[in-house]
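Only the coordinates and a few stated rules stand behind these numbers; no lab work does. Because the structure is predicted, anything quoted here is derived from the model rather than measured. Counting neighbours? That spans all protein chains shown, and the Cβs are built from the backbone with ideal geometry, glycine included.
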Amino acid sequence: MTDAILVLNAGSSSLKFRVYAVDASGKPGLMAKGQVEGLGVRPHFVARDAQGASLADDSLSKDAVSGHADALSQLATWLRSRYGGTRLLAVGHRVVHGGVKYATSVVVTDAVLAELERLVPLAPLHQPHNLAAIRAVQARLPQVPQVACFDTSFHRGHPELADRFALPETLYAEGVRRYGFHGLSYEYIARALPRVAPEIATGNVVVAHLGSGASMCALRAGKSVDSTLGFTALDGLPMGTRCGAIDPGVLLYLIAEKGMSAKAVERLLYKESGLIGLSGVSNDVRDLLESDKPGARLALDYFVYRINRELGALSAVLGGLDAIVFTAGIGENSPEIRARVCRAAAWMGIALDERRNRAGGPRITADGAAVSAWVIPTDEEGMIATHTLALVGRPAAAAS
Ligand code: AMP
């Protein structure tokens, strides 16, 4: 019988999944991936095999599949029909916030779930969906162990100064601090460096995770020492629909002078800002690169400007830079954006090799550049699978 683990990443309107087979050595191998998307609006189920061939592509009834529990039922039915002889060892979840307490992934218990529930106000747009998926699995597959893997864990070793706001101590004590996110992505890159780019693995590296969510992380010898994301997933770089760093005085103005409610400000900052807000065109870099509208140009200029600014700041934190690594949807797929960032940082000694950049890396700078630049595809789900297996044990142990 094949053993497998399921990895779930529950968002506001989607349930993304991956199925990994676990061989005798305990290593996860991708079998299938896909998602139930359009939850609550126009639910649709897609699945592909490891090579990308379509396994399912079905429109679902909005009444039958309205939330995460229904999406999980849909997924479970499909998994059973397709992989009936497979034993599910565990389910690993992406959970955005582990707070101060969880510096590593953890097996979910009722006590853990209660603790994670308390963190909902710190990540109101992500955490509730992550926890809904855990509860849906608990209800449907109560005997299957679940593991929560956090986007904050990799940053828990930051020096205290990097985690502080200049606010009174009581607020720090109650958890108002800079947590940093995208940690599963950064951890994957840090683990990949000795294999892909051994010459920089023990050096000072800034990783730019540029996707629909975007942030940058300063790594010293593979350990995170600072990140552009802070208390919530709003700080730092502008993102597809999120504002990035903003003077808090703007929020006071919106509330006090314009009478906006907290909900209205939340909506503005999370959904209507960033690339979509600046451009008025799209939150997708591909659309912006193709558009000739002035707003599209402004949005891309601002995106690159802020990446460059943060690169300078994080390099100063590190006390010097050996390399920059690009990853995630934009970082992996847009030679234009990479080139613009590298050109802006040419003064640091980043000498871009245009041909290597067009080819997609991994190294995209000229030989001998003082600071090298790299493209390394991230694998957050693979990281979750690795953590999950490490906690639930190898199949041999599970069988005994
Ligand atoms: P992610 O959140 O990592 O899946 O990244 C999604 C984002 O990557 C999309 O919103 C696009 O803006 C961006 N993206 C994907 N492919 C490309 C591409 N070929 N060129 C520019 N941006 C891309």
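Shape of the range 288-338 from its Cα gyration tensor (a ≥ b ≥ c, root eigenvalues): rounded if a/c is under 1.5, otherwise prolate when a/b > b/c, or oblate?
oblate
Run the quick spin-label model on residue 272 and residue 366: label points 7 Å from Cα toward the beta carbon, then report their separation in nm to one decimal.
4.8
How would you classify the range 242-400 from its alpha-carbon gyration tensor, with a ≥ b ≥ c the square roots of the eigenvalues: rounded for a/c under 1.5, else prolate if a/b is greater than b/c, otherwise oblate?
oblate
Going by average Cβ neighbours within 10 Å, how do the peptides 196-205, 30-39 rank, with the highest at the top?
30-39, 196-205
Order these by the 10 Å Cβ neighbour count, fewest first: 343, 177.
Working: 343 13, 177 20.
Least to most surrounded, the residues fall as 343, 177.
What is the extension gain from residue 164 to residue 27, computed as 0.36 nm multiplied by their sequence separation minus the C-alpha to C-alpha distance, in nm to one decimal?
Values: separation 137, 0.36 × 137 = 49.32 nm, distance 3.83 nm.
Once the chain is fully extended between residue 164 and residue 27, it gains 45.5 nm.
What's the local net charge at residue 304, with K and R +1, D and E -1, over the other residues with C-beta under 14 Å away?
For residues surrounding residue 304, the net value is +3.
Considering Cα pairs under 8 angstrom that are at least six residues apart, work out the relative contact order of the range 77-139 and quote it in whole percent.
37
Quick one, could you list the DSSP H helices from the chain stretching 15 Å or more along their long axis (Cα atoms) with average Kyte-Doolittle hydropathy of -1.0 or above?
Helix filter hits for the chain: 68-82, 127-140, 183-196, 294-318, 380-392.
For the chain, what is the calculated [θ] at 222 nm in deg cm²/dmol (nearest 500), taking -39500 (n - 2.57) for each run of four or more DSSP H residues and dividing by its residue count?
For the chain, the value works out to -11000 deg cm²/dmol.
Take every DSSP beta bridge whose two residues both sit in the chain, then give the antiparallel share in percent to the nearest 5.
65
Label residue 250 and residue 284 with points 7 Å out from Cα along Cα→Cβ: what is the distance between them in nm?
2.5
Under a point spin-label approximation (7 Å from Cα along Cα-to-Cβ), what is the residue 359-residue 58 distance to one decimal in nm?
4.4
In whole Å, how far is the Cα centre of the range 253-302 from that of the range 140-162?
So the two Cα centres are separated by 31 Å.
Using unit Cβ charges (K, R positive; D, E negative) and no other charged atoms, how large, in debye to the nearest 20, is the dipole of the range 245-396 about its Cα centre?
80
Taking the Cα centre of the range 91-177 as the origin and placing charges on Cβ (Lys, Arg +1; Asp, Glu -1), which of 161, 175, 125 is farthest toward the positive end of the dipole?
Going by the Cα projections, it comes out as 125.
Grab the beta carbon distance between residue 12 and residue 176, set R0 = 25 Å, and tell me the FRET efficiency rounded to 0.05.
0.55
Residue 81 to residue 48: extension gain in nm, 0.36 nm per residue of separation minus the Cα-Cα distance?
Extra length from residue 81 to residue 48 when fully extended: 10.4 nm.
Which net charge results when you count Lys and Arg as +1 and Asp and Glu as -1 among the other residues whose beta-carbon is under 15 Å from that of residue 357?
Result for the neighbourhood of residue 357: +2.
Determine, for each peptide in 381-388, 218-225, 86-93, the mean count of other beta carbons within 10 angstrom over its residues, then list the peptides with the highest first.
Those peptides, ordered most packed to least, come out 381-388, 86-93, 218-225.
Under 14 Å from the Cβ of residue 276, count the other residues' Cβ atoms, weight Lys and Arg +1, Asp and Glu -1, and hand me the total.
Summing Lys/Arg as +1 and Asp/Glu as -1 gives +2.
Roughly how far apart, in whole Å, are the Cα centres of the range 101-117 and the range 169-204?
Answer, in whole Å: 20.
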